[in-house]
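J.: Input: one structure, supplied below.
The values are calculated or read from the model by the stated rules, or taken from the named source; none is laboratory data. Here the structure is a predicted model, which means the values were calculated and not measured. For neighbour counting, all protein chains shown are included, and Cβ atoms are generated from backbone atoms with ideal geometry for every residue, glycine included.
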Amino acid sequence: MKLSLRLASLLAPIFALFVAFGLSITILYLIGEDPFETFTLMYDYGKTGKSIVSILNRSVPLYISAVAVAVGFKMGLFNIGVESQYLLGALLSAALGAAVALPSALHISLIIFVAVLSSATWAGIAGYLKVKKGVHEVISTIMLNYIGTGIIAYLLANIFFEKVELSTTAPQTNLLSESARIPSLNKIFGIEDLPNLHGFLIGAFIIGFIYYWIVWKTSLGFDLRATGSSPMAAKFSGANPARLTILAMMISGGFAGLVGMAPLTGYFFKYTTDFPSGLGFAGIAVALLGRNHPIGMAFGAILLSFLERSAQILDLYGVPKEIEKIMQAVIIFTVVISYEVVSRYVTNKQIKDASKVDRND
C-alpha cells in the first residue's frame with residue numbers, strides 16, 4: 001500500500017507536466033506559433049549561466065514561502081496570510097536594521113530575529129481568532145493581508161521614510177549598512193563571470209532541514225500532523241488542538257518572516273515600494289506542487305522559477321510569454337486533481353480491505 005501510494009505521488013506531478021505541455025502545444029498551434037521552436041527557445045535561454053543564477057535566486061524566497069504554507073497544511077490550516085506576514089516582517093527588520101550598527105553576525109541575526117518575531121506575531125492573530133472566536137483562518141488571514149498592507153503603507157510613508165521637500169523619491173527605508181548584508185556566493189567562492197548568487201541560498205537549505213526536523217522528527221510535529229489528520233483522535237491522545245492551532249500559525253508565520261530575507265539582505269538592502277510581492281500566494285502553489293515535502297517543494301520552486309525566467313525570451317520572438325502562466329496554472333491544477341484522485345483511491349481501498357477483514361472474522 002505504501003509503495004503504491006508513493007508511486008502514485010511521484011507519477012502525479014509527471015502526469016501534470018505532460019498535460020501542461022500538451023495543452024500549451026495546443027494553444028500555441030491555435031495562435032499560429034511553432035510549439036517545438038517555442039519550447040526550444042525557452043530551454044536554451046533557461047540553461048544559460050545567467051539564467052541558472054536567476055532561477056536559483058528566484059527559487060529561494062519562493063521555497064521558503066512554500067515551507068511557511070506547508071506548516072499550516074500539515075496542521076490542516078490554510079495560511080493565506082503569508083503575503084502580509086513576510087512583507088511586514090521585511091519592513092520592520094529593514095527599518096530596525098538600518099537604525100543600528102552592530103558586528104556583522106549580530107546585525108544579520110537581529111534582522112532575521114525581528115522578521116521572524118513580527119511575522120509570527122502577525123500570524124498568531126489568525127490562530128487566536130480561530131481558537132477563541134471561531135473565525136476560520138482563511139477569512140482572518142485574507143483580512144489580515146488587507147490590514148497588513150495598509151499598516152505597511154502607513155509605516156513606510158509616514159514613519160520610516162524621511163520626506164524631503166519637492167523630492168520625487170519613492171517611500172523607502174534607509175539603506176542597510178555593509179554589516180547587515182549577506183555576501184553573495186560569488187564573493188565567498190571567488191566566482192567572477194556570473195551574476196551574484198544570493199548567499200541566503202544556504203539559508204534555504206537550513207530552513208528546509210529545520211522544517212523537516214520539526215514536522216517529522218519531533219513530538220510537536222507528530223501532534224501537528226495527527227491533529228491535521230484527525231483533531232478528535234489527536235485530542236483523545238493527549239494533544240491540545242487549541243494550543244497547537246495557535247502554535248502552528250505562529251511557526252508558519254515565523255517561516256514566512258524569512259521569505260523577504262534573501263532580497264532584503266542580498267539585493268535591495270532596504271524596504272521600498274518595489275520590494276518583491278506576491279511570493280506569499282506563489283508559495284501556496286509550490287507547497288501544493290511539492291506535496292508539503294521539503295524536497296518536493298524545492299523541485300516545485302525551481303520548476304516555476306525556470307518557467308518564469310525562460311519565458312522572458314519569448315517576447316523577442318513575438319511569442320506571448322503568457323503561455324508560461326498557462327503552463328503554471330495547468331501544472332498546479334492537474335497536480336491537485338491527481339493527488340485528490342490518488343487520495344480517494346487509497347481511502348476507498350483501505351475501506352474495502354477493512355471490510356474484507358471484518359467478513360473473514
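J.: Just a yes or no: is a residue in region 247-270 assigned by TED's automatic domain parsing to the domain that holds Ala68, basic (Lys, Arg) and farther than 22 Å from Phe209 by Cβ?
T.: Checked against the condition, which is being assigned by TED's automatic domain parsing to the domain that holds Ala68, basic (Lys, Arg) and farther than 22 Å from Phe209 by Cβ, region 247-270 yields at least one hit.
J.: Inspect region 280-298 for any residue being within 19 Å of Val114 (Cα to Cα) and touching a helix residue (DSSP H, G or I) at 6+ places or on another chain (Cβ under 8 Å) and give the result as yes or no.
T.: yes
J.: Now, a different point. Would you check if there is a residue in region 49-58 being at pLDDT below 95, surrounded by fewer than 19 Cβ atoms within 10 Å (Cβ to Cβ) and farther than 24 Å from Ala287 by Cβ?
T.: Checked region 49-58: at least one residue is at pLDDT below 95, surrounded by fewer than 19 Cβ atoms within 10 Å (Cβ to Cβ) and farther than 24 Å from Ala287 by Cβ.
Conditions (1) among the hydrophobic types (A, V, I, L, M, F, W, C); (2) outside the structural domain of Gly300 (by TED's automatic domain parsing); (3) out of contact with any helix residue (DSSP H, G or I) (no Cβ under 6 Å at 6 or more places or on another chain); (4) at positive phi, marked per residue:
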{"site": "Thr26", "(1), (2), (3), (4)": "no, no, yes, no"}
{"site": "Leu41", "(1), (2), (3), (4)": "yes, yes, no, no"}
{"site": "Ser59", "(1), (2), (3), (4)": "no, yes, no, no"}
{"site": "Ile111", "(1), (2), (3), (4)": "yes, yes, no, no"}
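J.: Now for a separate question. Quickly run through region 178-225 and pick out the residues that are of a type in the set (D, E, K, R) and at pLDDT 90 or above.
T.: Glu178, Arg181, Lys217
J.: Considering each of Ala70, Ala12 in turn, give the residue that is among the small types (Gly, Ala, Ser) and assigned by TED's automatic domain parsing to the domain that holds Glu340.
T.: Sole residue among the options that is among the small types (Gly, Ala, Ser) and assigned by TED's automatic domain parsing to the domain that holds Glu340: Ala12.
J.: Residues Phe18, Phe78: which one is surrounded by fewer than 18 Cβ atoms within 10 Å (Cβ to Cβ) and under 17 Å from the mean Cα position of the chain (by Cα)?
T.: Phe78
J.: All but one of (1) in contact (Cβ under 8 Å) with a residue 12 or more places away in the chain; (2) surrounded by fewer than 24 Cβ atoms within 10 Å (Cβ to Cβ); (3) not polar (S, T, N, Q) hold for Pro35; state the number of the condition that does not hold.
T.: The single condition Pro35 does not satisfy is (1).
J.: When you look at Thr169, is it touching a Pro at 6+ places or on another chain (Cβ under 9 Å) and of a type in the set (Val, Ile, Thr), yes or no?
T.: Against the criterion (touching a Pro at 6+ places or on another chain (Cβ under 9 Å) and of a type in the set (Val, Ile, Thr)), Thr169 does not qualify.
J.: Does Leu244 fit the bill of being more than 18 Å from the chain's Cα centre (by Cα) and either touching a residue at least 24 places away in the same chain (Cβ under 8 Å) or within 30 Å of Asn196 (Cβ to Cβ) (or both)?
T.: For Leu244, the condition - more than 18 Å from the chain's Cα centre (by Cα) and either touching a residue at least 24 places away in the same chain (Cβ under 8 Å) or within 30 Å of Asn196 (Cβ to Cβ) (or both) - is met.
J.: Separate question: So the check is Cβ under 9 Å with 6+ separation or different chains; which pairs have a first residue in region 217-240 that's farther than 10 Å from Lys74 by Cα and in contact (Cβ under 8 Å) with a residue 40 or more places away in the chain and a second one that's charged (D, E, K, R) and not in a helix (DSSP H, G or I)?
T.: Correct list of pairs: empty, since none qualify.
J.: Right, next: Being over 17 Å from Phe269 (Cβ atoms), of a type in the set (A, V, I, L, M) and assigned to a helix (DSSP H, G or I) narrows it down to one residue among Ile147, Ile111; which is it?
T.: The match here is Ile147.
One line per residue, one yes/no per condition, for (1) aliphatic (A, V, I, L, M); (2) surrounded by fewer than 19 Cβ atoms within 10 Å (Cβ to Cβ); (3) within 19 Å of Gly72 (Cα to Cα):
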position: Tyr86; (1), (2), (3): no, no, yes
position: Ala101; (1), (2), (3): yes, yes, no
position: Ala105; (1), (2), (3): yes, yes, no
position: Leu129; (1), (2), (3): yes, no, yes
